[in-house]
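Asks: Below you'll find the structure I mean.
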Amino acid sequence: MNQQFDLIVVGAGSGGYAAARTARDLGASVAVVDHGPLGGLCILRGCMPSKTLIATGDVAHEIRTAAELGVHAGRPVVDFPAVMARKREIIAGFTDYRVAGIETFPLFTGDASFESPHRLRVGGDVLEGKAFVIATGSSIMDPVFPGLKETGYIESDQALELDAPPKSLIVLGGGYVGSELGQFYARIGVPTTIIIRSSRLLTGEDNDVGEGLTEYFREEGIAVETGAQVVRVERNADGLKVVHYKQGGVEKSAAAHEIFYALGRVPTIAGLNLEAAGVKYHAVTGIVVDDTMRTSQAHIFAVGDVTGLFALVHIAIQQGELAARNALHGERERVDYTISKTHTVFSDPQVAVVGETEKDLQRAGRPYLVASYPFNDHGKAISIGKTKGFVKMMAAPEDGRILGAAILGPNGSDLIHEMIVALYYRSTVFDFVKIPHLHPTLAEIWTYPAEELVEKILAERPLAIAR
Ligand SMILES: Cc1cc2nc3c(=O)[nH]c(=O)nc-3n(C[C@H](O)[C@H](O)[C@H](O)COP(=O)(O)OP(=O)(O)OC[C@H]3O[C@@H](n4cnc5c(N)ncnc54)[C@H](O)[C@@H]3O)c2cc1C
């Protein structure tokens, strides 16, 4: 007999697990389907292993630059097997905890495939659901460059799991994965070249952020080849992997022992048989959802990377929880990304953004004022030797409402939280300058652009409401 559930969650990563837990808390009968390995991308091959490794790279860098603070520590020696063993142990702990949570649900292990809008096959089992949440995540994109497949390369899964570091590395792609792991390998002593088509790393961010990071990478010895269009990849007579690229009309090449292909991911939809479920999707951009996370089939929801909207864990969770509530209560609660589209890059200096970027505001033709402040003029940053980068704040000219903020700087992923709270509570710069800040701290740097914005607004509109 078919087994019946109020909600069937397909994929037990961050988004699916959040949906399953929320639905059970609401009293629903919930089944979880996953082909494994259990744990989800973030824990197994994403956020957590990458940040664990990056911590090692950052320590090596601190040691290398410690003389600036009067400490002569010598050349750091990285014990790569020990680094990987530490990472494996940490990830095993996170995985065990998550798997124990997943196993509190009726769990069906295998590839899920829809037979009809209400029926799902998993191996020999057929499950019937009143509602579904699809959270099958994303997969690494096939290589697009001629010769790359034949030459051989690693992608992020392998970059997190090597037995030995490559003797030299070329990174193809300057998004967050390429930047974070490229810098990690460079910092543990691997000569690294990043080859990108655009004029800077992190092209999705405002130009000053991406340009700043590119400059800092170059300063610390990472070669960043910008404006480079890869033509072909091959292996040379010495066994090195060679990337030929065109830069400013000139054909150039770079050679290394390994190539890290870091150009992105695509939604995982293969085998789900979404046609049988009546769910619309695009092979590259993923399952089509509205802002209630419903697909084209009213009782089927999709969340997380498979929607192609954002590749961020906190958003997969937000979507998963909301989808579960909408699925069970028939509600039309809408997801709002105004604040939650906040994101960070764990490079050094770190990048973090909340609210609107200047690019967003310009695209929308929305008037704004901007003020920025560099860390190399900030007392605490100077005293601890962390002077790279800047913060900036954007505000509405009419009333000083903070529209967005960005940081390229030390501890950016933590410092941004003050601005997340400010935006959540719809703070104006007039409110913000009244908030006490401890001295001397990195966090007080936010008060400088806020003060400048207050002055700018009052200069233009002396009667602006200074609440
Ligand atoms: C190197 C790297 C670093 C990252 N760092 C960060 C970071 O610092 N911060 C951040 O917010 N995000 C980060 N991300 C992105 C983040 O990991 C993803 O956005 C998030 O994990 C996606 O969650 P999800 O629930 O959509 O999918 P997943 O966690 O991928 O879960 C999908 C699940 O579906 C299962 N599945 C797939 N197909 C089927 C099928 N047909 N049948 C049954 N089961 C199936 C899989 O086994 C898997 O368990 C990083 C990603 C990478 C690659």
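Asks: Which pairs, out of Lys51/Lys380; Lys167/Lys252; Lys51/Lys388; Lys167/Lys241; Lys87/Lys241, put more than 23 Å between their alpha-carbon atoms? Mind showing how you got there, number by number?
Replies: Values: Lys51/Lys380 25 Å; Lys167/Lys252 21 Å; Lys51/Lys388 20 Å; Lys167/Lys241 12 Å; Lys87/Lys241 28 Å.
Cα-Cα > 23 Å for Lys51/Lys380; Lys87/Lys241; rest within.
Asks: Tell me which lysines have Cα within less than 24 Å of Lys456's Cα, excluding those fewer than 8 residues away on the same chain?
Replies: Answer for Lys456, where 24 Å is the Cα cut-off: Lys359, Lys392, Lys434, listed by chain and number.
Asks: If the cut-off is 23 Å between C-alpha atoms, which lysines fall inside it for Lys246, apart from same-chain ones fewer than 8 positions away?
Replies: Lys149
Asks: Could you pull out which residues in region 444-462 have an amide N less than 19 Å from a spot 7 Å beyond the Cα of Asp414, following the Cα-Cβ vector?
Replies: 444-447
Asks: Now for a separate question. Using amide H atoms built 1.01 Å from N in the peptide plane, name the residues 5+ places from Gly137, or on other chains, whose amide H lies under 5 Å from its own.
Replies: When sequence neighbours closer than 5 places are left aside, the close amide H contacts are Thr268, Asp305, Val306.
Asks: On a full-extension model of 0.36 nm per residue, what is the gain between Ser253 and Gln4, subtracting their alpha-carbon distance, rounded to one decimal in nm?
Replies: Values: separation 249, 0.36 × 249 = 89.64 nm, distance 5.85 nm.
In short, 83.8 nm is gained.
Asks: Relative contact order (percent) for the chain, with alpha-carbon contacts under 8 angstrom and 6 or more residues of separation?
Replies: Details: 977 pairs, mean separation 67.2, N = 467.
Over the chain, the number comes to 14 percent.
Asks: Note down the nm distance, to one decimal, between modelled labels 7 Å out along Cα→Cβ at Arg119 and at Ala55.
Replies: About 4.9 nm separates the two model spin labels.
Asks: Also, I was wondering about something else. Report the calculated FRET efficiency for Ile90 and Ile384 (r = Cβ-Cβ distance, R0 = 35 Å), to the nearest 0.05.
Replies: Numbers: r = 27 Å, r/R0 = 0.77.
Here the calculated transfer efficiency is 0.85.
Asks: Taking every DSSP beta bridge with both residues inside the chain, roughly what % is antiparallel (nearest 5)? Walk me through the intermediate numbers first.
Replies: Numbers: 50 of 79 bridges.
Close to 65 percent.
Asks: Tell me, what is the FRET efficiency for Ile339 and Asp238 to the nearest 0.05, using R0 = 56 angstrom and their Cβ-Cβ distance as r? Let's see the in-between values first.
Replies: Working: r = 52 Å, r/R0 = 0.93.
Here the calculated transfer efficiency is 0.60.
Asks: Take the eigenvalues of the Cα gyration tensor for the chain, scale each by 5, and report the square roots as semi-axes in whole Å, largest first. Could the numbers behind the result be given before it?
Replies: Working: eigenvalues 285, 209, 89 Å².
Gyration-tensor ellipsoid for the chain: 38, 32, 21 Å.
Asks: On to the next question. Could you give the distance between the Cα centres of region 167-213 and region 66-92, to the whole Å?
Replies: 21 Å
Asks: Quick check: Cα centre of region 316-370 to Cα centre of region 397-467, how many Å?
Replies: 19 Å
Asks: Quick check: pseudo-label points 7 Å beyond the Cα along Cα→Cβ at Leu26 and Ser296, how many nm apart are they?
Replies: Distance between the two pseudo-spin positions: 2.5 nm.
Asks: Calculate for the chain the 222 nm mean residue ellipticity that helices alone would give, adding -39,500 (n - 2.57) per DSSP H run of length 4 or more and normalising by residue count, nearest 500 deg cm²/dmol.
Replies: Numbers: 16 runs with 160 residues, N = 467.
So the helix-based figure for the chain works out to -10000 deg cm²/dmol.
Asks: Right, something else. Roughly what % of DSSP beta bridges within region 53-205 run antiparallel, to the nearest 5? Kindly include the intermediate steps, with their values, before the conclusion.
Replies: Values: 8 of 12 bridges.
Roughly 65 percent of the beta bridges in region 53-205 run antiparallel, per DSSP.
Asks: In addition: Is any helix in the chain, taking whole DSSP H runs, at least 27 angstrom long along its axis by alpha carbon and on average at least -1.0 on the Kyte-Doolittle scale, and which ones? If you can, show how the numbers build up before the last one.
Replies: Values: long enough: 80-102 (32 Å, 0.34).
For the chain, where a helix must reach 27 Å along its axis and average at least -1.0, the hits are 80-102.
Asks: Once phi is turned into θ = phi - 60°, what whole-Hz ³J(HN,Hα) does the Karplus curve with 6.51, -1.76 and 1.60 give for every residue of region 406-411, x standing for Gly and Pro?
Replies: Taking θ as phi minus 60°, the curve returns 9, 9, 10, x, x, 6 Hz for region 406-411.
None of the figures in this text is laboratory data; all of them are computed from the coordinates on show. Just so you know, these numbers come straight off a predicted model, no measurement behind them. Positions of Cβ are generated from backbone atoms using ideal geometry, with glycine treated the same way; all protein chains shown enter the neighbour counts.
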